[in-house]
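Enquirer: Mind having a look at this structure? Questions to follow.
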Amino acid sequence: MPFVTLSQAVAAGLFKNIRFVATDMDGTLTWRGKFTPKLLQALENLAAAGIPVLIVTGRSAGWVSGLSSLMPVAGAIAENGGLFYRAGCDVPVALTLIPDLAEHRHRLAQVFNSLKLRFPRIQESVDNRFRITDWTFDVAGLTPADLQQIAGLCRQMGWGFTYSSVQCHIKPLEQDKAAAVLQVLQNDFPQYLPAQVVTVGDSPNDASLFDCATFPHSVGVANVLEYVSQLTYLPAYITAGVEAEGFCELAHFLLSN
C-alpha cells in the first residue's frame, strides 16, 4: 500500500501543532546501533525550541535509568511501558503495578522455560537480569512464523508478547508503549494533548504508537517498511531516511515549522 511521506504531510500543514515527541530508540534514534553527533544535536535543538522528547524503549530499567539523565530528553519509558524515568530523577515511576516482584519474575521465568521447550534455540538476553516488568530473549534466528506462534503461546499462558529488531519481550498483557505514553502525558505533561504529539518508531513493539485512534500523528522511520506485514497498526507517515537519519529528518521539519 502507498504511504504518505513525511515531507508530504508537512507540506500539507499537518505538523503545525506538534509540540511533543514520543519516540522509540533502537533503530529509530540509533544509526547502526550507535547514537550519532547529528542525532544528539537534533535532540539538543528540539529541547532548545521547547519541544520535549520522550524516549519510549524496550530497553531494561537498569539501562534506561542512566539514559534519562545523560540525554537531552524530558524522560524515558523503559521495558515497553513498564516504568518511567523523568529527566534528572533516579527513582522510576511504576507504570505497571507489580505487587510481588519476586513472584512476578518467577512467573516470567516459567513462561520463558515453557517457550524454550518448544523453541530450544532461544537464548535469554544478557540484559534480562536488569529488568523488572518483562523478560527478554534474543530475536535473532526466529522467523515471522516462529514469532507469531510464540505470541499465541504467551497469550495462552496469560501473558503479552512483542518484539523489536533487537529482542523479544514476554510482558504483562496490558503493558504497551501507547498506554504508557498516555499515562505519562496525563501525570507529568498534562499541557499536551495526544493530537499535539508525534509518535515515532520502526518495529512491531512500536505498533501501539501507530494506532491513529490514540495518536493521529505517527511516523515510521523508513526501515519500518521491513515489518509492514507484521504490524497491527501502520504509521501515518514514513520518512525518507532510515534509522536516526529518519528521526533527524522529522526533527528538521518540526524545527522549521
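The values are calculated or read from the model by the stated rules, or taken from the named source; none is laboratory data. All values reported here derive from a predicted model rather than from experimental measurement. FYI the Cβ positions are ideal-geometry reconstructions off the backbone, even for glycines, and counts take in every protein chain you see.
Enquirer: Checking Pro72 against (1) assigned to a loop (DSSP other than H, G, I, E, B); (2) crowded, with 23+ Cβ neighbours inside 10 Å: exactly one of these is not met. Which one?
Expert: Of the numbered conditions (1) assigned to a loop (DSSP other than H, G, I, E, B); (2) crowded, with 23+ Cβ neighbours inside 10 Å, the odd one out for Pro72 is (2).
Enquirer: Something else now. Check Ala102 against each of (1) among the aliphatic types (A, V, I, L, M); (2) free of Cβ contacts under 8 Å to residues at least 12 places away in the same chain; (3) buried (at least 16 other Cβ atoms within 10 Å of the Cβ) and name the one condition it does not meet.
Expert: If we test Ala102 against (1) among the aliphatic types (A, V, I, L, M); (2) free of Cβ contacts under 8 Å to residues at least 12 places away in the same chain; (3) buried (at least 16 other Cβ atoms within 10 Å of the Cβ), just (3) comes out false.
Enquirer: Looking at the stretch 26-35 only, could you name the residues that are part of a loop (DSSP other than H, G, I, E, B), under 19 Å from Leu6 (Cβ atoms) and not hydroxyl-bearing (Ser, Thr, Tyr)?
Expert: Those that are part of a loop (DSSP other than H, G, I, E, B), under 19 Å from Leu6 (Cβ atoms) and not hydroxyl-bearing (Ser, Thr, Tyr): Gly27, Leu29.
Enquirer: Tell me which of these Val64 doesn't satisfy, since it passes every other one: (1) part of a helix (DSSP H, G or I); (2) modelled with pLDDT of 95 or more; (3) in the same structural domain as Ser208 (by TED's automatic domain parsing).
Expert: Failing condition for Val64: (2).
Enquirer: So Val166 fits all but one of (1) at pLDDT 95 or above; (2) crowded, with 18+ Cβ neighbours inside 10 Å; what number is the exception?
Expert: (1)
Enquirer: Still on this structure, please answer the following. Residue check: is Trp135 of a type in the set (Phe, Trp, Tyr), buried (at least 20 other Cβ atoms within 10 Å of the Cβ) and either out of contact with any Gly (no Cβ under 8 Å at 6 or more places or on another chain) or on the phi > 0 side of the Ramachandran plot (or both)?
Expert: The answer is yes for Trp135.
Enquirer: Turning to a different aspect of this structure: Given the conditions (1) assigned by TED's automatic domain parsing to the domain that holds Leu193; (2) at pLDDT below 95; (3) touching a strand residue (DSSP E or B) at 6+ places or on another chain (Cβ under 9 Å), and given that Asp127 satisfies all but one, which numbered condition is not satisfied?
Expert: All conditions pass for Asp127, except number (1).
Enquirer: If the requirement is being outside any helix (DSSP H, G or I), touching a residue at least 40 places away in the same chain (Cβ under 8 Å) and not aromatic (Phe, Trp, Tyr), which of these qualifies: Ile55, Ile77?
Expert: Ile77
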